[in-house]
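Data block below; observations after.
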Amino acid sequence: MHAIDQTLQDVFGLERFRPGQREIIEKLIEGSPALAVFPTGGGKSLCYQLTALHLDGLTVVVSPLLALMKDQIDFLVGRGIAAARLDSTLEPEEVRSVYDALRASRLKLLYVAPERFANEGFRQMLERQRLSLFVVDEAHCISEWGHNFRPDYLRLARLSQQLGVRRVLALTATATPEVGRDICSAFDIVEDAYVNTGFYRANLTLRVSDCSSLDRQAVLEEHLKSRPRGATIVYVTLRSTAEAVAERLVEIGFPALCYHAGLDRDARQSIQDRFMASPDAIVVATIAFGMGIDKSDIRYVYHFNLPKGLESYSQEIGRAGRDGEPSTCELLANADDVIVLENFVFGDTPQETAVRSLVNELLDHSGELELANQRLADRHDIRSLVVSTLITYLELEGLLVSTGARCTTYRFQPRRSSQEILARFDPERAAFLARVFQAAKKGRTWLTIDVPATATALSETRERITKALNFLGDRGDLELKPSGFVQGYRLTGPPEDREALHQKMQLLFRERERRDVERVHQVVRLAQSSSCLTRELLSHFGEDLGRDCGHCSPCLGDPRIELSRSGEPLSLEEIDLAAVEALRSQHPESLAEPRQLARFLCGLTSPRLAKSKLTRHELFGRFERVPFSQVLELARESLGDRDPGEES
């Protein structure tokens, strides 16, 4: 293993490994799958970058963080390491260049987003590669009960098996013991290959200030003025809050920038670049900002609003002080935020009738299914991610088996004449390709192929058609644009008791709702604690510091707080029930059931609310600061309790 020390010095310019890195690298080189739970800035990326250089074949890194991909590619290429990425920001010519490098086995590391595996051509390309290491970043997303479950991540475990990759590295900065066990189970990681270096950061000072909604802007401004300037992130919950806070800070002379997912890609990149280059820029942002950003000198992280859970809080404060220098993380705590965060959770819970109708639609089919989540979401008024979660629950029940993602439509432009393309193939293959080309519908500049219809018309398999198109695209004969992505499934048979299944699905969503609401209350309890905040936070992740930290609010003598609420929320009696009833009669599909109406009044969108433009109505969000359970009860009374199966 002395070779890895030489690589550490010669390639990466480092004298020694950080805690946990050597153990992980040695496990991987031995051929074992491993889990690295390192704090933000703890050196997770070196574990696979260095390992990749000691393995024959390609290392695939799966990450949802575009900023991480770009920064790490620049870093690796600058050190002479052949690395590339495939993401939505690349132009067609850049994608072709990456595929050329893959075909020629010139790459050591390839970074991709989880969604890339929906592309059949990409999966077919990977099947032809010699894969030495499969890396899953943000691996906590694989846990059904984690704070950021993403159904696509469960499929990554199966995918690594299908690709025949035994050597897997799972990475995360936020894993409770329960989530860690889930990750290990998914990837067959044994106990001694689970390396957790701990979350304690001695240079972070955790503070809590009790602020009303009316005065926390002033509190933030006072802290920014009284403390030495330094790179700062101010986290907020809503886009509108980000815009308002940043605008006010600019007015009083601070170099503040606003960042949220509603900005276009170029604007977000520009803000990120300015923040990276500045020693004292302030970014006021939703949680969309910071993931994958490698800026070591962030001196302050303020939470203008409460975070949605201790996992999120830990990840966000972990972006401060990665250079080891003293940094301050302050929570401007306010009880009004609790209702907003809880209501976001309730907005994700589908009404019982929607769960029933979706499950019935799926189970009433037979054999193979091709599902498009957004169409299902629109049809049943369930958010798209929640549709994915429900389908995953059915997979875990053994009722559905994934057969892989695929696209139903290809648009293409020939880059050579048909004669040139066909001349390269034997007569049988040339005849097949000619028939495929003839089946394409001609547009002004693009030709379009409906894959299922073409397969039926030509009496060919869709796999042969897609492989042929992807092969021609890889070779540069065609410029391809796949679309109409669907996920394939196979039904294994009917459930023993469909009614029991309906009840179980609903209970799973209720349990998920309960856990997410509890996460919000864990933050509240931490903010109001009179005990060492650092010690309590570490305990949540299964770590015992064994002493008080000496550098958080309680340890520094700050008085215990009780979260403030800025006055009484709107009374439910203030709503014009006649106006609500009139609106409901105009939009029966969007507001027919109590939970739909409650979501509307609390300002929580859904596919049908968006489609009917009800999110622009003056009553939308009228009770956004009223507990959802109270609004749901009002909705039941208003509708005569027409959905007796609903429970608050």
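The values are calculated or read from the model by the stated rules, or taken from the named source; none is laboratory data. Keep in mind it's a predicted model, so treat the numbers as computed, not measured. Backbone-built Cβ (ideal geometry, glycine too); neighbour counts: all protein chains shown.
Tell me, which residue of segment 170-225 that is assigned to a loop (DSSP other than H, G, I, E, B) and charged (D, E, K, R) is surrounded by the most Cβ atoms within 10 Å (Cβ to Cβ)?
Looking at the filtered set, the residue picked out is 201.
Identify all residues within segment 58-75 that are farther than 17 Å from residue 171 by Cα and at pLDDT 95 or above; write none if there are none.
Across segment 58-75, the qualifying residue is only 58.
How about segment 1-89: which strands (runs of 3 or more DSSP E) wholly inside it have at least 1 residues that are over 30 Å from residue 202 (Cα atoms) and either in contact with a Cys (Cβ under 9 Å, 6 or more places away or on another chain) or basic (Lys, Arg) (or both)?
Here the list reads 83-86.
List, please: which pairs have Cβ atoms under 8 Å, are six or more places apart or on different chains, and start with a residue in segment 582-610 that is under 13 Å from residue 621 (Cα atoms) and end with one that is basic (Lys, Arg) and assigned to a loop (DSSP other than H, G, I, E, B)?
Close Cβ pairs satisfying both conditions: 601/622; 603/622; 606/383.
Quick check on residue 527: is it modelled with pLDDT under 95 and outside the structural domain of residue 379 (by TED's automatic domain parsing)?
no
Consider segment 277-333. How many of its residues are over 18 Å from the mean Cα position of the chain (by Cα) and part of a helix (DSSP H, G or I)?
Number of matching residues: 2.
Output the qualifying pairs, or none if there are none: Cβ atoms under 6 angstrom, residues six or more apart or on different chains, first residue in segment 71-82 and within 17 Å of residue 296 (Cα to Cα), second residue not hydroxyl-bearing (Ser, Thr, Tyr).
Within 6 Å, the pairs are 71/294.
Would you please list the contacts, defined by Cβ atoms under 7 Å and residues six or more apart or on different chains, that run from a residue in segment 303-330 that is free of Cβ contacts under 8 Å to residues at least 60 places away in the same chain and surrounded by fewer than 22 Cβ atoms within 10 Å (Cβ to Cβ) to a residue that is part of a loop (DSSP other than H, G, I, E, B) and of a type outside the set (A, V, I, L, M)?
323/296; 323/297
Suppose we filter 403, 409 for residues that are modelled with pLDDT of 90 or more, assigned to a strand (DSSP E or B) and not aromatic (Phe, Trp, Tyr); which single one remains?
409 is the lone residue from the list that is modelled with pLDDT of 90 or more, assigned to a strand (DSSP E or B) and not aromatic (Phe, Trp, Tyr).
Residue-wise test of (1) in contact with a helix residue (DSSP H, G or I) (Cβ under 8 Å, 6 or more places away or on another chain); (2) in the same structural domain as residue 159 (by TED's automatic domain parsing); (3) within 30 Å of residue 360 (Cα to Cα); (4) surrounded by fewer than 17 Cβ atoms within 10 Å (Cβ to Cβ).
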residue	(1), (2), (3), (4)
419	no, no, no, yes
426	no, no, no, yes
443	no, no, no, yes
451	yes, no, yes, no
459	no, no, no, yes
472	yes, no, no, no
483	no, no, yes, yes
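For segment 149-188, give me each residue that is β-branched (Val, Ile, Thr) and over 23 Å from the mean Cα position of the chain (by Cα).
The one that is β-branched (Val, Ile, Thr) and over 23 Å from the mean Cα position of the chain (by Cα): 165.
Being in contact with a Ser or Thr (Cβ under 8 Å, 6 or more places away or on another chain) and among the hydrophobic types (A, V, I, L, M, F, W, C) is the filter; apply it to segment 257-283 and report the residue that is surrounded by the fewest Cβ atoms within 10 Å (Cβ to Cβ).
Checked segment 257-283; the qualifying residue surrounded by the fewest Cβ atoms within 10 Å (Cβ to Cβ) is 261.
Conditions first: (1) in the same structural domain as residue 335 (by TED's automatic domain parsing); (2) farther than 27 Å from residue 280 by Cβ. Residue 236 passes all but one, so which condition is the exception?
(2)
Given the criteria charged (D, E, K, R) and in contact (Cβ under 8 Å) with a residue 60 or more places away in the chain, does residue 96 qualify?
Yes; evaluated as a whole, the condition is true for this residue.
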